[in-house]
Amino acid sequence: MAVQCEEYYPEIKGSFSFEIEKVLFSRQSSYQRVEVVQSKGLGRVLLIDGLVMLTERDEFVYHEMIAHTPLFVHPDPRRVLIIGGGDGGTVRECLKHQSVEKVTLVDIDELVTRASLEYLPSVAGAVLSDRVECRFEDGVKFVKGTTERYDIVIIDSTDPISVGEGLFTHAFYQDCFKVLSDDGILVNQSESPAWQAEEVAKISAKLRRVFPRLYFYQAHIPTYPSGHWLFGFASKQYHPMRDFREAYYRQFAHPLRYYNDGLHRGAFALPNFVKELIDAQ
Ligand code: SAM
């Protein structure tokens with residue numbers, strides 16, 4: 001019988017499973033279990049505590065959408081802070097923008113980056129760039145203590161459980177606001193509106209208390225719960241559509257597989273049930 005990897009979704013009392021060929025890496029760090037498996041149909045898959053973080057088959061959707069959406073809005077993004085994201089996929093996309101001088105990656109768990117560098121080099125390889133500084137520490141403590149300022153903060157976190165919980169609090173969002181430059185933008189992964197509705201409503205209510213402008217946009221990520229995923233776009237000044245840099249987009253040299261100008265705009269058009277969730281206080 002084929003070996004299955006199964007992720008259980010409590011809200012629907014059902015699960016997503018896929019067949020695997022072999023476990024390439026499996027180790028418990030001080031924080032979580034980190035695994036990379038070779039699947040039969042999704043390429044290699046990174047799992048943390050048994051939950052899918054990325055698959056080689058569709059990681060481009062998440063990483064392009066979390067990185068390019070703010071980077072095509074801010075007029076001159078030079079300093080980017082990524083909290084979480086130790087697999088390096090978000091770093092890879094940020095470095096495609098020449099204006100970005102430095103990316104600071106703060107992941108609590110060095111094991112995620114080490115495993116990704118060894119088994120997912122097409123995702124993680126970018127962390128070795130000399131434009132990237134990797135720090136392995138708690139993102140909550142980092143934003144509380146740093147005196148640096150960033151044009152873009154990207155919260156590429158695990159779910160709001162275990163070590164990831166602190167990355168979904170009002171106090172953390174306040175500290176993120178503080179580390180952003182006067183025209184900074186924060187983007188965060190905001191879970192699934194279809195199957196994690198309560199979490200989405202909480203994220204929205206907390207961000208709204210901190211940021212003067214808050215928008216959400218969506219993407220279709222087949223291997224995440226329900227496939228319907230949301231990102232928060234919290235900004236001090238810029239509007240995600242009015243300030244979209246059309247001319248810069250047209251001369252952008254890197255081919256992208258998911259993100260494009262039409263999709264940038266369309267992603268902010270939300271179904272009514274999602275609007276209700278994010279507007280609920
Ligand atoms: N794309 C993924 C998703 O939405 O499922 C997230 C991927 S990335 C692997 C998430 C990272 O967040 C993990 O490497 C984890 O170690 C990191 N992380 C969790 N809590 C953290 C914290 N408090 N500070 C910094 N990084 C944290």
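The values are calculated or read from the model by the stated rules, or taken from the named source; none is laboratory data. Predicted, not measured: the structure shown is a model, and the values here were computed from it. With ideal geometry, Cβ positions are generated from the backbone for all residues, glycine too; neighbour counts draw on all protein chains shown. The accessibility values were calculated without ligands, DNA or RNA, using every heavy atom of the protein model including side chains. Shrake-Rupley method; radii C 1.70, N 1.55, O 1.52, S 1.80 Å.
Cβ separations smaller than 9 Å between residues 6+ apart or across chains give the following pairs from the stretch 224-252 residues that are farther than 16 Å from E64 by Cα to residues that are at pLDDT below 95 and surrounded by 22 or more Cβ atoms within 10 Å (Cβ to Cβ): P225/Q196; S226/Q196.
Filtered by the rule that a residue be open to solvent by less than 70 Å² (accessible area, probe 1.4 Å), in contact with a helix residue (DSSP H, G or I) (Cβ under 9 Å, 6 or more places away or on another chain) and either assigned by TED's automatic domain parsing to the domain that holds D159 or assigned to a loop (DSSP other than H, G, I, E, B) (or both), the stretch 27-42 gives S29, Q32.
Mind telling me which of the residues I82, I12 ends up being touching a residue at least 12 places away in the same chain (Cβ under 8 Å), hydrophobic (A, V, I, L, M, F, W, C) and not assigned by TED's automatic domain parsing to the domain that holds F172?
On the way: I82 fails: not assigned by TED's automatic domain parsing to the domain that holds F172.
Sole residue among the options that is touching a residue at least 12 places away in the same chain (Cβ under 8 Å), hydrophobic (A, V, I, L, M, F, W, C) and not assigned by TED's automatic domain parsing to the domain that holds F172: I12.
Counting just the residues of the stretch 140-161 that are open to solvent by 30 Å² or more (accessible area, probe 1.4 Å) and of a type in the set (S, T, N, Q), which one comes out nearest to E199 (Cα to Cα)? The qualifying residue nearest to E199 (Cα to Cα) is T158.
From the residues in the stretch 43-58 that are more than 11 Å from the ligand (Cβ to nearest atom) and part of a strand (DSSP E or B), which one is least open to solvent (accessible area, probe 1.4 Å)? Filtering first and then ranking leaves V45. A search for C-beta distances below 6 Å between a residue of the stretch 142-159 that is on the phi < 0 side of the Ramachandran plot and any residue that is within 16 Å of the ligand (Cβ to nearest atom) and in a loop (DSSP other than H, G, I, E, B), counting only pairs 6+ apart in sequence or on different chains, returns D156/G85.
Taken together, the criteria exclude V210 from residues that are touching a residue at least 12 places away in the same chain (Cβ under 8 Å), assigned to a helix (DSSP H, G or I) and in the same structural domain as P75 (by TED's automatic domain parsing).
One line per residue, one yes/no per condition, for (1) on the phi > 0 side of the Ramachandran plot; (2) in contact with a Gly (Cβ under 9 Å, 6 or more places away or on another chain):
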{"position": "E35", "(1), (2)": "no, yes"}
{"position": "S39", "(1), (2)": "no, no"}
{"position": "V45", "(1), (2)": "no, no"}
{"position": "E59", "(1), (2)": "no, yes"}
{"position": "G88", "(1), (2)": "yes, yes"}
{"position": "C94", "(1), (2)": "no, no"}
